[in-house]
Amino acid sequence: MTSLSALTLPDHTQLPDSDGTFVKNLQEHPQSILITDSIKPVLEQLHPDGQYCIGQDSGIYWRLTDPPEKGAEAPDWFYVPNVPPTLDGKMRRSYVLWKEYVAPLIVLEFVSGDGTEERDTTPPSRGEGGNVGKFWVYEQAIRVPYYGIYEVAKAQIEVYHLIDFNYRLMAPNDRGHYPISPLGVELGIWQGSYQNAELPWLRWWDAKGNLLLTGEERAEVERRKRERIVEKLRSLSVEELNNLGIDPEMLD
């Protein structure tokens, strides 16, 4: 009779956390930081208990294979709701579906090539050498509700929504954005400067079309707001400032 220990499946500490490849586009890392930083206030509101996980170029293990890396996909960015951000007080080395059972709500891929890899629908029955199409894995195996393919060179994004067991290509709204309804946000392209690079960036907006700002951008908005208030106060007389309980020397 097989013992219980023999049936125990490997967890994130026992599986490889890299397949030996490297980031092919220098925009990928700041792009991941940008979308993570700007959506944090939304996720903190949705998860006041802090129970959510964000992966950046991290493996999602969906099947057992030899070698183990063949059973994983590593999206450039993904978000999983209602799971702990750490396990036993340690950061995750990867996300292991057979230990969590909760699929990511959204995965994003940043295309460095021609997009063939990100749109590959090859199933296991037709894959050579154990290779399976990335699109097929997200759609049929992991069953991710939203899958975004961002083509950096073309400054465009395709977003697929899982409906009736298959991905349907979403149409953009009037703002050219793609609503991610469970998050109450929209995904789209923003042309601007981030980390000293003027480029088209993938970004979030709220449901009213307001750009979700990074922590640095929010701080800059507050700084400008304070400057306007100070300038307005400086136009007042000493008597008016005293009536407001403001020491004129504080405005120097």
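Tabulated data for the structure shown
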item: Charge dipole (the stretch 137-234, unit charges on Cβ, about Cα centre) - positive-most of Ala153, Leu199, Leu213; result: Leu213
item: Given 12 as the ceiling on other Cβ atoms within 10 Å, longest exposed-site-free region of the chain for chymotrypsin sites (Phe, Trp or Tyr not before Pro) in DSSP loops; result: 166-252
item: Within the chain, longest stretch free of exposed trypsin sites (Lys or Arg not before Pro) [DSSP loop, at most 16 other beta carbons within 10 Å]; result: 64-125
item: Accessible-area composition of the chain, carbon plus sulfur, in percent [1.4 Å probe]; result: 52
item: Electrostatic dipole magnitude of the stretch 102-252 [Cβ: Lys, Arg +1; Asp, Glu -1; Cα centre; debye, to 20]; result: 400
item: Around Val132: net Lys/Arg minus Asp/Glu count, Cβ-Cβ under 13 Å; result: -2
item: Dipole magnitude of the chain, debye to nearest 20 (Cβ charges: Lys/Arg +1, Asp/Glu -1, about Cα centre); result: 460
item: Accessible surface, per residue, of the stretch 96-139 when the full set of protein chains is kept, probe 1.4 Å, Å²; result: 46
item: Debye, to nearest 20: dipole size of the stretch 61-158, +1 on Lys, Arg Cβ, -1 on Asp, Glu Cβ; result: 380
item: FRET efficiency, 1/(1 + (r/R0)^6) with R0 51 Å, evaluated for Asn243 and His29 via beta carbons; result: 0.45
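The values are calculated or read from the model by the stated rules, or taken from the named source; none is laboratory data. Owing to the predicted nature of the structure, the values given are computational and were not obtained by experimental measurement. For neighbour counting, all protein chains shown are included, and Cβ atoms are generated from backbone atoms with ideal geometry for every residue, glycine included. Areas reflect the complete protein model, heavy atoms only, side chains present, ligands, DNA and RNA absent. Shrake-Rupley method; radii C 1.70, N 1.55, O 1.52, S 1.80 Å.
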